[in-house]
Structures are given as C-alpha cells and as structure tokens.
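This report concerns only the one structure given below.
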Amino acid sequence: MNSVAKSVLQSAKHGRAAWLRNSSAHSGKQRFRRLVLGIETSCDDTGAAVVDEAGCVLGEALRCQKEVHLQSGGIIPVVAQQLHRENIDQVVQEALCASGVSVAELAAVATTVKPGLALSLGVGLQYSRSLVSRHQKPFIPIHHMEAHALTIRLTHHLEFPFLVLLISGGHCLLAVAQGVSDFLLLGQSIDIAPGDMLDKVARRLSLRKHPECHSMAGGKAIEHLAQTGNQELLTFRLPMQQYRSCNFSFSGLQNLVNNAIVQKEKEEGIQEGEILSCVKDVAAAVQHAVTVHIIQRTYRAMLFCIKNSILPSKNATLVVSGGVASNQYIRKVLQNLADANDFALLCPPPRLCTDNGVMIAWNGIERLRAGLGVLHSAAGIRYEPRAPLGIDISKRVEEDSIKVPKLKEIRWLAS
C-alpha cells in the first residue's frame with residue numbers, strides 16, 4: 001500500500017472513531033472538564049450545540065428555514081431575522097437539554113459574529129450577549145469560515161497545515177490553515193458564490209415546477225437532474241482564464257447560462273417559467289462548468305503550496321467543506337484531482353458541511369484550548385457582514401503565474 005493510500009486509510013479510521021465517539025457521547029459517565037455552547041445564525045439556519053474538549057457532541061439542535069425561503073424564491077433577510085428570533089431560544093434550550101448540562105456548567109459560549117447576513121448575525125449576537133452577561137460566562141466570537149475550515153478536526157485527527165476549499169451558497173475561497181486562527185488566503189470569489197449561482201440557475205429553469213424537484217433547494221435540484229443529463233449538450237466558456245490566480249468568478253458564467261436558456265426556450269417555442277425538454281442536459285452542463293472552474297483554481301492552489309513549501313510535498317491534505325461540498329459530483333472530481341496530485345481529500349460528513357451549531361462549538365473548543373479570542377465580556381463586540389479570512393496572499397499567487405495543465409486535461413478529471 002503506498003503512502004497516500006495509508007494516509008487516506010488512517011484518516012478514515014480516525015474519522016470513524018471520532019464519529020462513533022460523538023454519536024455515543026452519553027455512553028460513558030465521565031465528562032471532560034470544559035464544555036462550549038456554540039450558536040449559529042449567520043444566514044438562514046438557527047443552530048446550537050454543546051461540545052466537549054474530546055470532540056464529543058453532547059447535544060445539538062437545528063432549525064432550517066429552507067421551506068419558507070423556497071416559497072419566496074430566495075432568502076429574504078428580514079424574514080430570516082424574524083425566524084431566528086422566533087427559534088433561537090428554543091434551539092439553544094433543546095441543545096442544552098439534550099446535552100444534560102446547564103449554562104452554569106459551560107466553560108464558554110461561542111457565537112458566529114462574522115461574516116454573514118447582518119440581520120441574522122445580529123440575532124445570534126444579541127441573544128449571546130444576554131446569555132453570557134446573565135450567567136457571567138466567557139464569550140468567544142467566531143469567524144464562520146474558520147469554523148467551516150476547522151470542522152474536519154472534529155471528525156478526523158488532522159494536524160496543521162492543510163489546504164482548505166470552502167464552497168457554499170455565500171462563500172467560495174481557497175486558504176491554507178496553518179493554525180487555529182492562522183490562515184493564508186490564496187483566493188476567493190470576486191462576485192457571487194457557486195451555491196448562489198446554482199440556486200439562481202435553478203430558479204431561472206423553474207425547477208420547483210419539475211415533478212422530481214418541487215421540494216428541493218436549487219443546488220440540490222441541479223445535482224439531481226444532472227445525474228441523468230448529457231453535459232456535452234452545452235459548453236460554457238470558463239471564467240478568468242486569462243488570470244493565473246486562485247480567485248473565482250461565477251456571475252459571468254451565470255449570465256452565459258441564462259443566455260443559453262433563453263436560446264433553448266426560443267428553439268422549443270416555450271415561455272420563461274415552462275420546463276425545457278432538455279432541462280437535465282442544461283443542469284448537467286452547468287454543474288460541469290462550475291466544477292471545472294473550481295478544479296482549475298484548486299489545482300493551482302495545490303501547485304503553489306508545494307512550490308513554495310507551504311504544504312509538505314508528500315502526504316498533503318485538501319479539506320473541502322461548506323454546503324456545496326455535499327454535491328457528490330463535485331466531490332468525486334475533487335477526489336480525482338487529489339489522487340492525481342498525491343493529496344488526501346477529507347470532507348466533513350454532509351450534515352456538518354452545511355451551517356450548524358456543532359462547528360461553532362468546536363471552533364470555540366479549539367480557541368479555548370489555544371487561548372485565542374476568549375473574552376470575559378461580549379460588550380463592545382459587533383457583527384461584521386464582511387470579514388476576510390486570515391492574511392490575503394492572493395496577489396502573491398497571481399505573481400507566481402503558475403500554469404496548470406491544459407484545460408482538456410482538467411476536463412478529463414471531471415469526465
């Protein structure tokens with residue numbers, strides 16, 4: 001067995017062990033000394049969880065707003081805010097009840113304060129301020145993307161450094177995690193995120209009217225239909241080919257897709273809002289284009305990190321997280337890329353890829369152990385809708401002007 005296979009196998013074993021430990025957190029009577037309550041309200045999911053220093057999830061609760069926002073065709077910030085207000089106390093109490101601990105037993109409260117929807121972040125921060133003030137508990141403000149990046153250390157035994165690809169409805173970035181609060185930002189989306197683009201394409205295709213997709217979120221509907229579609233029917237020009245960077249762009253690709261949909265509607269003689277007969281092929285082509293763009297930038301990040309000795313030349317790891325990381329096609333192609341470059345690919349379980357309280361509590365544990373950003377008061381803390389992750393070295397990446405293999409070879413990885 002080669003070193004890469006051993007690394008993957010070892011990681012898988014650690015992952016299973018951690019997951020079993022988390023699932024049976026109450027099987028033993030002994031509890032580790034420090035417990036953290038995590039609270040998440042950065043977008044449209046209200047989450048809370050209690051996690052201990054061993055990574056055992058003692059209790060968790062989650063309220064998803066998907067059904068409400070599906071009806072309106074997208075997330076409306078004031079609606080998300082109101083639903084957070086209605087749900088947050090019950091979600092926190094459910095997590096505490098499931099964990100069997102009281103607020104008095106907590107070592108700290110960790111809450112997402114950046115980045116995200118301003119109105120949503122405000123609900124979580126206001127609730128947490130009141131909670132820590134009432135019970136005199138330390139407060140740990142959490143960067144949402146840092147929490148996504150470090151979730152893998154809850155489910156797998158993984159040491160720093162490692163490469164992180166975070167892809168979701170609100171974010172898309174490549175970074176190197178060098179420590180709990182030590183990141184090098186290699187690149188990010190200069191406009192919209194891939195999940196946002198897929199949702200918008202799904203709305204333009206009226207997939208809620210499709211009999212197989214009426215209850216699915218946009219990105220999930222695209223993935224489902226793409227499974228039986230022909231991705232060769234349409235070919236889209238990939239964004240930013242002239243820039244040898246790790247930045248992403250999806251708004252231009254979305255415009256190309258919208259134009260192609262208009263053309264297909266004309267060819268079939270149907271109006272906007274009706275379902276194209278070739279809708280599965282369009283979904284497959286769109287998903288493929290998004291994937292190839294992500295692969296190309298991730299490939300360059302791998303080469304940059306190895307060239308500059310930021311990551312080890314052997315047994316390096318690529319971590320992929322965020323809601324879009326649950327897309328099995330994208331995950332499969334990333335696995336092909338990792339295998340071709342002797343990287344181990346690690347992804348949190350799908351339920352921990354999307355927003356949740358567990359990842360916030362775990363980030364709180366990581367910061368508590370490292371003594372980073374643990375505050376005696378939440379007074380003066382403000383939420384930040386926009387907040388970069390780590391030190392931005394994207395210009396340095398572009399200056400290195402690293403060529404990735406020809407596009408044909410990258411498309412082969414996704415074939």
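The values are calculated or read from the model by the stated rules, or taken from the named source; none is laboratory data. Computed from a prediction, not measured in an experiment: that's the story for all the values here. Neighbour counts are summed over all protein chains in view; Cβ atoms, including those assigned to glycine, are modelled from backbone coordinates with ideal geometry. Note: accessible area is taken over every heavy atom of the protein model, side chains too, but ligands, DNA and RNA are not part of it. Shrake-Rupley method; radii C 1.70, N 1.55, O 1.52, S 1.80 Å.
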- Query: In the range 329-340, which residues are open to solvent by 40 Å² or more (accessible area, probe 1.4 Å) and either part of a loop (DSSP other than H, G, I, E, B) or more than 15 Å from residue 195 (Cβ to Cβ) (or both)?
  - Reply: 332, 335, 336, 339, 340
- Residue count for the range 356-399, restricted to those that are touching a Phe, Trp or Tyr at 6+ places or on another chain (Cβ under 8 Å), within 23 Å of residue 308 (Cβ to Cβ) and open to solvent by less than 50 Å² (accessible area, probe 1.4 Å): 3
- Item | Flag for residue 206 being in contact (Cβ under 8 Å) with a residue 60 or more places away in the chain, of a type in the set (S, T, N, Q) and in contact with a Ser or Thr (Cβ under 7 Å, 6 or more places away or on another chain) | no
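So is residue 200 charged (D, E, K, R) and farther than 20 Å from residue 333 by Cβ or not? Give the derivation first.
Values: charged (D, E, K, R): yes; farther than 20 Å from residue 333 by Cβ: yes.
Yes.
Are any of the residues in the range 400-413 under 17 Å from residue 147 (Cβ atoms), open to solvent by less than 20 Å² (accessible area, probe 1.4 Å) and in a helix (DSSP H, G or I)?
Of all residues in the range 400-413, those under 17 Å from residue 147 (Cβ atoms) come to none.
There is no residue in the range 400-413 that is under 17 Å from residue 147 (Cβ atoms), open to solvent by less than 20 Å² (accessible area, probe 1.4 Å) and in a helix (DSSP H, G or I).
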- Those residues of the range 119-152 which are open to solvent by 50 Å² or more (accessible area, probe 1.4 Å) and not hydroxyl-bearing (Ser, Thr, Tyr) amount to 119, 126, 129, 134, 135, 136
- Task: Sort out which residues of the range 75-91 are surrounded by 15 or more Cβ atoms within 10 Å (Cβ to Cβ) and touching a residue at least 24 places away in the same chain (Cβ under 8 Å), and write them in order of number.
- Result: 75, 80, 81, 83, 84, 85, 87, 88, 91
- Pick from the range 356-393, criterion part of a loop (DSSP other than H, G, I, E, B) and polar (S, T, N, Q), ranking: farthest from residue 323 (Cα to Cα): 377
- Message: I'd like to check something: does the range 45-52 contain any residue that is farther than 21 Å from residue 140 by Cα and hydroxyl-bearing (Ser, Thr, Tyr)?
- Response: no
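With respect to residue 317, is the statement that it is within 29 Å of residue 44 (Cβ to Cβ) and within 24 Å of the chain's Cα centre (by Cα) true?
no
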